[in-house]
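The values are calculated or read from the model by the stated rules, or taken from the named source; none is laboratory data. This one's a predicted model, so the numbers in the text were calculated from it and none came from an experiment. Here the Cβ positions follow ideal geometry from the backbone for every residue, glycine too, while neighbour counts run over all protein chains shown. Ligands, DNA and RNA are stripped out before the accessible areas are found, and what is left, the full protein with its side chains, is counted by its heavy atoms. Shrake-Rupley method; radii C 1.70, N 1.55, O 1.52, S 1.80 Å.
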Amino acid sequence: MPTIAIVGPGAIGGILAAWLAQDPDNEVTVCARTAFDRLEVETPDGSIVASPRVVTAPAEAAPVDWVLVATKAYDTEGAARWLSRLRRANTPVVVLQNGVEHVERFAPYVPRESIVPAVIDCPAERTAPGRMRQRGASWIVVPDSAQGRAFVPLFARTNFEVSTGDFATRAWGKLCINAPGAISAILLKPTGVIRLEPIAELTRGMVRECLAVGRAEGAALDDDVVERVVEGARRAPVDSINSLLADRLAGRAMEIDARNGAVVRFGKKHGIPTPLNEMAVALLFAAQDAGAY
């Protein structure tokens, strides 16, 4: 029976925990700040419920076979507080976060050989404590390694498509999708705003910058990704809210540095101009710290 701990039961972590707990062969523990009785997830095919073990302090945790980190990228230090209690010497830590720097974030806390970077795409929202909505098809890609291949079967009884593959390409491809989400967060408008052509063209520009930087980092991305991002956003429900916008609306910190900040940072590394993403970073940081002025 695999033992699995999920650190961070937000929208993504809660959905992962609920689905993994559907398999009676999995023993799931959720590491949370606040206790809850059960998880309820509204999925495209109906609702699922689960009552995993919940611990609210590292001292309550015990070693497991797998640690899945689903916190925001900026909360890496908080997630790391759990790792010494959850890990045995060979326990993999699967990092399910936005951006492209999964290994770099956790290398100060975990041996690099134990870090499994994961790209996840799960259109999700937390509607209330312990309640989540999974809006559509979801997938996870991990590197084609021994740990990656061992990770895939954990999801056999979920509605996630989990596979191994070219992590750099999938991570930068996901960042191409995430980067223009800054537009919604700046405008305080849901995804439907992309139906305005000037916003669609701004989206194209931000994706082109991310595409160029990703290629410089070794991602095998084609030019078609630009229009795929625009069309994907146009097909999404008009009221969809990405995580940047959700965090801004809730007054929380935003993953600015892990998303648009990464495009800018790697762009400077390779001498690639990224003016649109730089503008997004500046505006979002100003909006986040508006109370200081």
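Quick notes on this structure:
- Residue in the stretch 38-56 that is within 19 Å of Asn26 (Cβ to Cβ), modelled with pLDDT of 95 or more, touching a Cys at 6+ places or on another chain (Cβ under 7 Å) and among the aliphatic types (A, V, I, L, M) present: yes
- You will find that of Val162, Val207, Val193, the residue that is more than 21 Å from the chain's Cα centre (by Cα), under 21 Å from Gly136 (Cβ atoms) and at pLDDT 95 or above is Val193 and no other.
- There is no residue in the stretch 226-243 that is open to solvent by 10 Å² or more (accessible area, probe 1.4 Å), closer than 14 Å to Gly173 by Cα, touching a Cys at 6+ places or on another chain (Cβ under 8 Å) and not in a helix (DSSP H, G or I).
- Single residue of the stretch 250-293 satisfying the filter (open to solvent by 30 Å² or more (accessible area, probe 1.4 Å) and basic (Lys, Arg)) that is farthest from Glu101 (Cα to Cα): Arg252
- Where a residue in the stretch 30-48 is among the basic types (Lys, Arg) and its partner, wherever it lies, is not in a loop (DSSP other than H, G, I, E, B), with Cβ under 6 Å and at least six apart: Arg38/Val49
- Criterion: open to solvent by less than 20 Å² (accessible area, probe 1.4 Å), touching a strand residue (DSSP E or B) at 6+ places or on another chain (Cβ under 9 Å) and either over 29 Å from Arg259 (Cβ atoms) or among the aromatic types (Phe, Trp, Tyr) (or both) - qualifying residue of Ala32, Ala79, Ala21, Ala50: Ala50
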